[in-house]
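Please read the structure below before turning to the comments.
The values are calculated or read from the model by the stated rules, or taken from the named source; none is laboratory data. None of these values were measured; they are calculated from a predicted model. Virtual Cβ from ideal backbone geometry, glycine too; neighbours counted across all protein chains shown.
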Amino acid sequence: MEEGIHLTGPPVSVMHEGTAEEAIAADNEGRAYIGLAFSVPPGINPGPGMRVYLIPGGEMAWIIHKGPYKACGPANERLFAWIGEQGLRITGPIREVQLNDPREVPPWEIMTGVLVPGE
């Protein structure tokens, strides 16, 4: 991005698979479509290979995982099981929000929020 641009929020991974099964299969097969997003002030011109777009909001099912990224599986499974139990349908991209900086905390202190839009 342009020099001097200040991010206004934490980094967000955006996964575009439409169901838990699709997301798990895509991850296992190495074909997941994942974007990395940052909140930026309005009117920003992205650098080469980047684009600015709005990620839709709405009601979200969410869970927070504390610990290493590689140990997120059980938390994600609980979240997707709960979504299924509630009869909800995923309506947009799944997001993972980094709630602290993994460069500044040990792996067991990393906080990751998983948000799934649904209705």
Among the strands (runs of 3 or more DSSP E) contained in the range 1-118, which hold 2 or more residues that are within 16 Å of the chain's Cα centre (by Cα) and among the charged types (D, E, K, R)?
94-98
Single residue of the range 68-111 satisfying the filter (at pLDDT below 95 and aromatic (Phe, Trp, Tyr)) that is farthest from residue 12 (Cα to Cα)
80
Going through the range 60-119 in order, the residues found to be within 19 Å of residue 34 (Cα to Cα) and of a type in the set (Phe, Trp, Tyr) are 62, 69, 80
Restricting attention to the range 29-64, report how many residues are free of Cβ contacts under 8 Å to residues at least 40 places away in the same chain, touching a strand residue (DSSP E or B) at 6+ places or on another chain (Cβ under 7 Å) and surrounded by fewer than 11 Cβ atoms within 10 Å (Cβ to Cβ).
1
